[in-house]
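Read the figures in this text as sums done on the coordinates, not as results from a lab. The shown structure was predicted, so the numbers you read here are calculated from the model rather than taken from an experiment. Quick reminder, even Gly has a Cβ in these numbers, built from the backbone with ideal geometry, and neighbours come from all protein chains shown.
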Amino acid sequence: MTNLWIDYLSVRLLGGMNRRLVGADFETFSESVELQARGNVEVVKRYQLDWLVPLTYMHRTAEDFGAEIEFKTGKTPMHYPPTDWTAEDYEEKIVVPDGIGDSIQKRIDYTEKIVEEIPEVPVFAFISGPFTTLTQRVGTEQVLMDLYRSPDAVKKAMEKTEEYVVRCIEEGFANVEGLAGICLDELHGNKGIMGPDMYREFGAEYCGSVIDACEKSDLIFTQHNCGESAMFDIQISEWKPMAYSYAYYGERGENPDIPGMIEKYTDDTLLLGQIDPQHFYNYEPSEMKKHVKQLLETVLKSLKENDHTSKFGIYSGCEVPPTYGKFDNIGAVTDAMLEYGEDMQEEIIG
Ligand SMILES: [Zn+2]
């Protein structure tokens, strides 16, 4: 991907705060196509976002495989995994849904409405990858143990989640007219969870077809990784997504440093980073503005050093905390970009 001359870097946020803009609790919001569409459109208009990955909760592909999602007030919807899972269950209970399952269909429906309403804003549909889908159905700990105890059973199940993710793209999202692309989340491509060789064997192996499905469907392939120590070398250098947003949690995990990230990966992708999501609730808007200005300075200087004019976007470093995030802090991010973005772009990049 080539560098573009731009006025200022783009802004994107990921978050469930959209539901608060329409005054709905998580469960009501997640069930209603109408509210999800309205909340997401609202977020884009109110905060002048340059692109959008609409998200309510992550587990929709897993839900179509039978995962039960619990909604608790004040918490992000969670899947509580089965406690009596056995190796045989991979074959018996992991069954590819017929056609497109109800949960993903809901995501397709609200995505369609959003694209219709804001055709000028590129929208990328979120989807969990094959490994993430399996862990969100069976439970991460269980699957990780079974990688050692019954690897063949896990692999057979992976073929099924792979088949379904590919189908959701080719037969589902591909039909959403005007959709820009897909945002795949393979959060277990994460060194805190397993080594690169293991991820290659059990996770990455099943993603090639997903990337191909995007290409075949004329959907731009992008990625988000919610993990703390993402396997950038596989997921960026090998898969070459158009854009890659990564989680950033301050002190937790392998802290990606911006100059290093830009030097290593901006030839292969447009990086999206890296406001610490906690700042959305622990900062005052004035602090957030200062923080974004500093971030912008670091990013632009590194881009300049690496002969890039763009290839980085300002992004919430994972999900804006849906319950406790402050709206004013989202506003402060866009305000900072509108106030300083263009001048600093010109001053530093030239
Ligand atoms: Zn995330």
Q | DSSP bridge orientation in the chain - percent antiparallel, rounded to nearest 5 | A | 10 percent
Q) Efficiency by 1/(1 + (r/R0)^6): what FRET value for Glu34 and Thr140, r their Cβ-Cβ distance, R0 = 30 Å, to the nearest 0.05? A) 0.35
Q | Kirkwood hydrodynamic radius of segment 63-168, Cα pairs, Å | A | 15.2 Å
Q | Contour excess over end-to-end distance, with Cα ends at Tyr324 and Lys156 and 0.36 nm allotted per residue | A | 56.5 nm
**Q.** Förster radius 35 Å - calculated FRET efficiency between Leu338 and Asp109 (Cβ-Cβ, nearest 0.05)
**A.** 0.60
(Q) Taking every pair of distinct Cα atoms and averaging 1/r, then inverting, what Kirkwood hydrodynamic radius in Å comes out for segment 1-138? (A) 16.5 Å
**Q.** Pairs of Lys in segment 235-333 closer than 19 Å at Cα, counting only those 8 or more apart or on different chains
**A.** 14
Q: Quick one: what are the phi-derived ³J(HN,Hα) couplings along segment 28-40, Karplus 6.51/-1.76/1.60 with θ = phi - 60°, whole Hz, x for glycine and proline?
A: 4, 4, 5, 7, 9, 4, 4, 5, 5, 5, 5, x, 6
Q. Segment 233-258 to segment 45-105: how many Å between their Cα centroids?
A. 23 Å
Q. Cα-based Rg (one decimal) and Dmax (whole number) for segment 230-293, in Å?
A. 13.2, 39
Q. Want the number for Val96 to Asp25: 0.36 nm per residue separation, take away the alpha-carbon distance, what's left?
A. 22.5 nm
Q. How long, wide and thick is segment 261-350, going by the Cα atoms along their three principal axes, in whole angstroms, largest first?
A. 39, 26, 13
Q: Can you list which of the GluC sites (Glu not before Pro) found in segment 1-96 are DSSP loop residues with at most 14 other C-beta atoms within 10 Å?
A: Glu68
Q: Please give the FRET efficiency for Asp197 paired with Thr86, using the beta carbon to beta carbon distance and R0 = 30 Å, rounded to the nearest 0.05.
A: 0.70
Q. How big is the chain by Rg and Dmax over its Cα atoms, in Å?
A. 19.5, 62
Q | Residue-by-residue Karplus 3J(HN,Hα) for segment 338-344, coefficients 6.51, -1.76, 1.60, Hz, glycine and proline x | A | 6, 6, 10, x, 5, 5, 5
Q. Of Pro151, Leu9, Pro285, which is farthest on the positive side of the dipole of the chain, counting Cα position, with +1 on Lys and Arg Cβ, -1 on Asp and Glu Cβ, and the Cα centre as origin?
A. Pro285
Q | Hits among aspartates and glutamates - C-alpha to C-alpha of Lys45 under 18 Å, sequence gap 8 or more where chains match | A | Glu34, Glu112, Glu116, Glu117, Glu120, Asp328, Asp335, Glu339
Q: Determine the percent antiparallel among the DSSP beta bridges restricted to segment 144-283, to the nearest 5.
A: 10 percent
Q) Size of the dipole of segment 285-350 about the Cα centre, Lys and Arg at +1 and Asp and Glu at -1 on the beta carbon, nothing else charged, in debye to 20? A) 220 debye
Q. Toward the positive end of the charge dipole of segment 10-134, about the Cα centre and with charges on Cβ (Lys, Arg +1; Asp, Glu -1), which of Ile104, Ser32, Thr133 goes farthest?
A. Ser32
Q) With springs only between Cα atoms under 10 Å, which of Asp98, Asp185, Asp233 fluctuates most in a Gaussian network model of the chain? A) Asp98
Q | Mean shadow area of segment 98-142, taken as a quarter of the surface of its Cα convex hull (nm²) | A | 4.2 nm²
Q | Interchain or long-range residues, amide H under 5 Å from Leu270's placed H | A | Ala243, Tyr244
Q.
Against the empirical 2.2 N^0.38 Å scaling, what ratio does the C-alpha Rg of segment 61-121 come to?
A. 1.50
**Q.** Loop GluC sites (Glu not before Pro), segment 176-265 (other Cβ atoms within 10 Å of the site Cβ: 12 or fewer; DSSP)
**A.** Glu177, Glu251
Q | 3J(HN,Hα) from dihedral phi, segment 242-249, Karplus parametrisation 6.51/-1.76/1.60, rounded to Hz, x for glycine, proline | A | 4, 9, 9, 9, 10, 6, 9, 10
Q.
At 222 nm, what value in deg cm²/dmol follows for the chain if DSSP H runs of at least 4 each add -39500 (n - 2.57) and the sum is divided by all its residues, to the nearest 500?
A. -13500 deg cm²/dmol
Q. So, in nm, how far is label Leu147 from label Asp7 when the simple model puts each one 7 Å beyond its Cα toward the Cβ?
A. 4.6 nm
